[in-house]
Each structure stands twice: as C-alpha cells, then as structure tokens.
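A quick write-up on the structure given underneath.
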Amino acid sequence: MKALDLSVYNTVPKLFWYNVENYGDDITTWQKEKGVWKSITWDDYGQWVLDVANALLDAGIQRGDKVSILSQTRFEWVVVDLAIMSIGAVTAPIYHSNTEEQVHYIAEHSGSKFIFVEDQEQLDKILSIWDRLPNIKQIVVFDKYLPPNLPNVLRLGDFKKIGIEYGKNHSNQFSERMQSGKEKDLISFIYTSGTTGHPKAGMINSYNVISVIKHLQSLFEISREDMSIAYLPLAHIA
C-alpha cells in the first residue's frame, strides 16, 4: 500500500483514487434502494466515476468547463461530482428546490455546458427554460424514467455505456486529466441562497477541501471505522 502523502495526493480526485486503489474491497457508501440498504465498495464507486467521466470526455467537456447537477442528495450526485472534477471540469450545483427562474439564473451565471438532473420533476424545469440556455448541449437524467424522443436527453445508465466504450478506445485520457490536476484548480461553485439579492458563487478548490481534511481526525477523532450520514442538500457548503 502506498503511504498517504497529501503533498502528492493534493487534489480531491487524487485522494479519491488513492482510496479506490488501496481500499477497493472496503465498503465506502450505503444507499437505500426500494427500502433496502445496499453497500457500495470503493471499487464500485471508482468504476461509476470512471464511466461517467469518460462519457463526459466523449461529450467534449474540457478542463475548466462548468457542469451542473440538479438533484437531491443521492449516490449518483457524488459520483457525478467526482467525475466532473476528475477531468478538470467544475461542478456548478443547483438546489433541487429552486424554481425554473432560479435554476435558469445559476445555470446561466455559471456558464454550464452540461447538466445532470434527478428525475421527471427536475427534467421538466430544464425543458421549460432550455431555449434560454444555449450553452447547455445535453441533459442526463438519474432516474430510469425518461419521456421518449427527447433529443440530447439521456438516462444515466445509457450515458455510462457511452463512457465504457470511450474508455476502451481512449484508455489513457482519463488518467492524464486526473493526474494533471493541481491543488489550486477550481473544482466547484457553492451558490449562496440569494436572500440579499442574486445568489453568489463561492469558488472552491482542492486546497480548501484538503486543508479541512488534514484536521478532521484530530478535531473529531474520525477513523475509517466510523460512519457519517449526509442529510443536507449536496449543493450546500456544509
């Protein structure tokens, strides 16, 4: 096992892939499906991220491009987030409770070129404003439901299949993108609630996140055996 040196694994994606490579069989996440808790290993998590990232590369997403996520907290959210930042793009999250106009503001303000949405409700929001978001070329829906005959709208499962095929023919591109990331590269926006005007985009880089990680264990005595629960919207800074 490689020693964890945060001067080497100095970005969130590099740190993520360190865990995939060294703790692949360990459970990293639990998610509930049809009332039953299902475990996900680091290897499973990594494969999800790799497939989605390769599909984004196939879609032409470049380093620094903004990609939005419009969804409640769920496993697919964090997968997409890691995939986006792993290829050097920037996550621009949108609160699932936002109205169509609020969604339009954030998607336009961030300059998003691509968007992932949770379900029919969130898809309908984007479809109603898509003609005013010319930068967004494609929508991917987490849920299996999808109305037929919608151009440039895909289910996540079908999007992953594109990534699998792309990875077979471009085996080094993902690794090159991920490894070339730097700690001060922008990885995410965090939009404020906008209670005193339009939402403001806080800019987050890997240095910000890893600076917190370095002190978590001493502050809260967190170990690999501990379990945490995510209950806030993942678009929230907390």
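The values are calculated or read from the model by the stated rules, or taken from the named source; none is laboratory data. Worth saying up front: this structure is predicted, and the values here are computed from it rather than measured. Here Cβ is always computed from backbone atoms with ideal geometry, including for glycine, and neighbour counts include all displayed protein chains. For accessibility, only protein heavy atoms count, side chains too; no ligands or nucleic acids. Shrake-Rupley method; radii C 1.70, N 1.55, O 1.52, S 1.80 Å.
Checking each residue in the range 48-81 for being of a type outside the set (Phe, Trp, Tyr), open to solvent by less than 20 Å² (accessible area, probe 1.4 Å) and under 9 Å from the mean Cα position of the chain (by Cα) picks out VAL49, VAL67, SER68, ILE69, VAL79, VAL80. Across the range 208-238, the number of residues qualifying as open to solvent by 100 Å² or more (accessible area, probe 1.4 Å) and either in contact (Cβ under 8 Å) with a residue 60 or more places away in the chain or within 20 Å of ILE27 (Cβ to Cβ) (or both) comes to 8.
Criterion applied to SER68, SER39 was being polar (S, T, N, Q), over 18 Å from GLN138 (Cβ atoms) and either at pLDDT 95 or above or in a strand (DSSP E or B) (or both), and the one residue passing it is SER39.
Based on this model, can you work out whether ASP5 counts as open to solvent by 40 Å² or more (accessible area, probe 1.4 Å) and in a helix (DSSP H, G or I)?
The answer is no for ASP5.
If you go through the range 109-130 one residue at a time, do you hit one that is surrounded by fewer than 19 Cβ atoms within 10 Å (Cβ to Cβ), free of Cβ contacts under 8 Å to residues at least 40 places away in the same chain and of a type in the set (Val, Ile, Thr)? The answer is yes, given that some residue of the range 109-130 is surrounded by fewer than 19 Cβ atoms within 10 Å (Cβ to Cβ), free of Cβ contacts under 8 Å to residues at least 40 places away in the same chain and of a type in the set (Val, Ile, Thr). Restricting attention to the range 18-47, and to residues there that are of a type in the set (Phe, Trp, Tyr) and more than 21 Å from ALA230 (Cα to Cα), which single residue is surrounded by the most Cβ atoms within 10 Å (Cβ to Cβ)? For the range 18-47, the residue satisfying everything is TYR18. Here ILE136 clears all of (1) within 14 Å of the chain's Cα centre (by Cα); (2) in a loop (DSSP other than H, G, I, E, B); (3) aliphatic (A, V, I, L, M) except the condition numbered (1). All conditions but one from (1) assigned to a helix (DSSP H, G or I); (2) aromatic (Phe, Trp, Tyr); (3) touching a helix residue (DSSP H, G or I) at 6+ places or on another chain (Cβ under 9 Å) apply to PHE116; the one that does not is (1).
Results for (1) touching a residue at least 24 places away in the same chain (Cβ under 8 Å); (2) within 17 Å of the chain's Cα centre (by Cα); (3) surrounded by fewer than 18 Cβ atoms within 10 Å (Cβ to Cβ); (4) in a helix (DSSP H, G or I), shown as yes or no for each residue.
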{"residue": "PRO148", "(1), (2), (3), (4)": "no, no, yes, no"}
{"residue": "PRO151", "(1), (2), (3), (4)": "no, no, yes, no"}
{"residue": "GLY157", "(1), (2), (3), (4)": "no, yes, yes, yes"}
{"residue": "LYS168", "(1), (2), (3), (4)": "no, no, yes, yes"}
{"residue": "PHE174", "(1), (2), (3), (4)": "yes, yes, no, yes"}
{"residue": "GLY181", "(1), (2), (3), (4)": "yes, yes, no, no"}
{"residue": "THR195", "(1), (2), (3), (4)": "no, no, yes, no"}
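Considered as a group, the residues in the range 82-105 that are within 16 Å of TYR191 (Cβ to Cβ) and open to solvent by less than 10 Å² (accessible area, probe 1.4 Å) include one that is farthest from the chain's Cα centre (by Cα), and that residue is VAL103. Residues in the range 131-146 that are open to solvent by 70 Å² or more (accessible area, probe 1.4 Å) and acidic (Asp, Glu): 1 in all.
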